[in-house]
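> Handing you this structure, nothing more for now.
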Amino acid sequence: HEAPTTTAAQAALRRARRYLQERSLHDWVHEANITKGVAPATALVLGRLGPAAADTEAPAPLCVAVARKGRLQWLRRFRARWSISLRCLNARDRLEVAETSRKAVAVWRWSNFLHHQTRPGLEHLRINLDETGIRLAPAERAGFLTLAAARLKRSARSLTKPASRHQTRAMFSLVTFICDDPAVQRLLPQIVVMGARLTTAADTASMRSSLPPGVLLWLEPKCWMTTQLMLRVAGALARALTPLRERRQIILSADAYRAHMTRPVWRAMARHGIYYCLVPAKMTWALQPCDTHVFADFKSHLGLAAQALRLRDAEGRLQLPDMMRAVGGTIEDVLRKRSWARAFTDTGLTGTQALVSRRVLDKVGLEAAPDVGHDLPTLEMLQEVFPARAIIPLDDVFAGVTGALAAGAAPPVRLPRAARLPVPAPAGLSPWAGRLRRNLRRDDRGDPRPP
């Protein structure tokens, strides 16, 4: 081979230098993404190309010979060469893989246990409860803008959609129920919870008349979930499913929000004959059926419905009664006309984990679906499900199951060996002896001990 000419050698040296510089910038972005959960903005990346920032803790800039006027064009070419996209990262708590696995196994064991306690002859009806906030001016997808409209949007006049500050900030809540039986899905209540000061009496009557049957509008001082509101929700669910009580066992799941797990709520679920369990804290993004399968699609359709109503208005405005019609139509089209059985199968809340989706297993850090059994969950498992420092009222948590056991309607419970305490069981049917709070007292160190 002939030795390269001086010009060729210099060109090769420039290409090698450019590669090393771009590789260094790529590695910096990758570390920010993976280690710190940050998608650096364009301005921060441009700062890596120029003089060192005044912040002494900022990393030294790259020595990339890029003209100031050509930096954005260089960044576009850099992103294309290294397949870097412009995206945002969602915010949530970061858990260790081992912790996510323990939490998933804990809720699956709890769900399997409740399924195993169902009386013979009853079919399971699995229901998931969750709430989501809805703004009066919902977010919309990117749409078509003419060249003149795009220029006006960038101008000082700033083309915008008509909405008052009140509409951009105010919101209400939708309490959503989904189940694994399409025939029963239409019977489930869907509850809109709105602040009483958000509407007038005339608008309230108009909205209630426009909502489909079974979609309820409740006015409360605040639209946040509370214990009293949760008790009303449980009562509405029980009344809606009264015709099915003789042949179906309701197994309800909800996230571990504080208002979902107070003592009155557990006791109300037991009175209504509902088996109730919680999706672990910080794991709803992976194991809550409404979060994994419903809400993203629901809000996408709601945005389209709201935009269609705005197009019909002469000024493009969306009033509260119009928004409520959009909510009612979206409930009919998305929540009630689809089968959500796959949501429960994928997340493992069906009494077996044989059909848990590959995506959910990857989320919780498991290679394959584990055999978690159907025995009583241990106290350590319940602690994985409940939020940190939460009081676990064991006697209330399992009140519905113990009531069924006392009636002799369910198979006996075999306590796992690791969960047994050295307390002799009293005579009669009491598999919970020694495990409930009323049967335990704690020493000065907080350790449970027999009385």
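The values are calculated or read from the model by the stated rules, or taken from the named source; none is laboratory data. The structure presented is a predicted model; accordingly, all values stated were derived computationally and were not measured. Cβ placement follows ideal geometry from the backbone for every residue including glycine, while neighbour counts extend to all protein chains displayed. Note: areas computed on protein heavy atoms with side chains; ligands, DNA, RNA excluded. Shrake-Rupley method; radii C 1.70, N 1.55, O 1.52, S 1.80 Å.
> Two decimals is fine: what's Rg over Rh for the stretch 188-251, C-alpha atoms, Kirkwood radius as Rh?
Reported Rg/Rh, Kirkwood definition of Rh: 1.05.
> If you don't mind, another one. Accessible area per residue of the stretch 313-361 at 1.4 Å probe, in Å²?
Averaged over the residues of the stretch 313-361, the accessible area is 43 Å².
> I need the Kirkwood Rh of the stretch 164-294: take the reciprocal of the average 1/r across all distinct C-alpha pairs and report it in angstrom.
Details: mean 1/r = 0.0617 Å⁻¹.
Every distinct Cα pair counted, the radius reaches 16.2 Å.
> Provide the per-residue ³J(HN,Hα) series for the stretch 329-339, in order, calculated from phi with Karplus coefficients 6.51, -1.76, 1.60 and θ = phi - 60°, each as a whole number of Hz, with x at glycine and proline positions.
Working through the residues one at a time gives x, 5, 4, 5, 6, 9, 6, 9, 9, 10, 9 Hz.
> Continuing with this model, one more query. Quick one: net charge of VAL175's neighbours, Cβ under 13 Å, K/R +1, D/E -1?
-3
> At a 10 angstrom cut-off on C-beta neighbours, averaged per residue, how do the peptides 114-125, 288-299, 170-181 rank from highest to lowest?
170-181, 288-299, 114-125
> So if I take the centroid of the Cα atoms in the stretch 160-225 and the same for the stretch 276-309, what is the distance between those two points in Å?
So the two Cα centres are separated by 16 Å.
> Moving on to the next point. How big is the C-alpha Rg of the stretch 85-142 next to the rule-of-thumb value 2.2 N^0.38 Å, as a ratio?
Ratio of Rg to 2.2 N^0.38 Å for the stretch 85-142: 1.85.
> Test of the criteria: in the stretch 154-226, which trypsin sites (Lys or Arg not before Pro) are in a DSSP loop and have at most 10 other Cβ atoms within 10 angstrom of their Cβ?
Those satisfying the criteria are ARG157.
> Here's something else I'd like to know. Please compute the Kirkwood hydrodynamic radius over the stretch 232-272, one decimal place, Å, based on all pairs of different Cα atoms.
Across the stretch 232-272, the inverse of the average 1/r is 11.1 Å.
> Something else now. Using amide H atoms built 1.01 Å from N in the peptide plane, name the residues 5+ places from LEU217, or on other chains, whose amide H lies under 5 Å from its own.
When sequence neighbours closer than 5 places are left aside, the close amide H contacts are VAL192.
> So, one more: Output wanted: per-residue J couplings in Hz (rounded whole) for the stretch 22-33, from phi through Karplus 6.51 cos²θ - 1.76 cosθ + 1.60, θ = phi - 60°, x for Gly and Pro.
5, 5, 5, 5, 4, 5, 5, 5, 4, 5, 4, 5
> Taking the alpha carbon gyration tensor of the stretch 298-365, what are the square roots of 5 times its eigenvalues, largest first, to the nearest whole Å?
After scaling each eigenvalue by five and taking roots: 37, 12, 8 Å.
> Within 10 Å, count the other beta carbons around each residue, average over each peptide in 132-142, 319-329, 302-312, and list them highest first.
Ranked by mean Cβ neighbours within 10 Å, highest first: 319-329, 302-312, 132-142.
> Taking N as the number of residues in the stretch 98-198, what value does Rg over Cα atoms divided by 2.2 N^0.38 Å take?
For the stretch 98-198, the normalised Cα radius of gyration comes out at 1.80.
> Ignoring ligands, DNA and RNA, how do THR146, THR352 rank by accessible area with a 1.4 Å probe, largest first?
Working: THR146 90, THR352 70 Å².
Putting THR146, THR352 in descending order of accessible area: THR146, THR352.
> Find the accessible area per residue for the stretch 82-129; the probe is 1.4 Å, ligands and nucleic acids are left out, and the unit is Å².
Heavy-atom accessible area per residue stands at 56 Å².
> I'd like the Karplus ³J(HN,Hα) series for the stretch 221-229: coefficients 6.51, -1.76, 1.60, θ = phi - 60°, whole numbers in Hz, and an x wherever there's a Gly or Pro.
Values, residue by residue: x, 10, 8, 7, 6, 10, 4, 4, 5 Hz.
> Set Lys and Arg Cβ to +1 and Asp and Glu Cβ to -1, take the dipole of the stretch 232-323 about its Cα centre, and tell me which of HIS272, ALA236, GLY303 lies farthest positive.
Sorting the options by dipole projection puts first HIS272.
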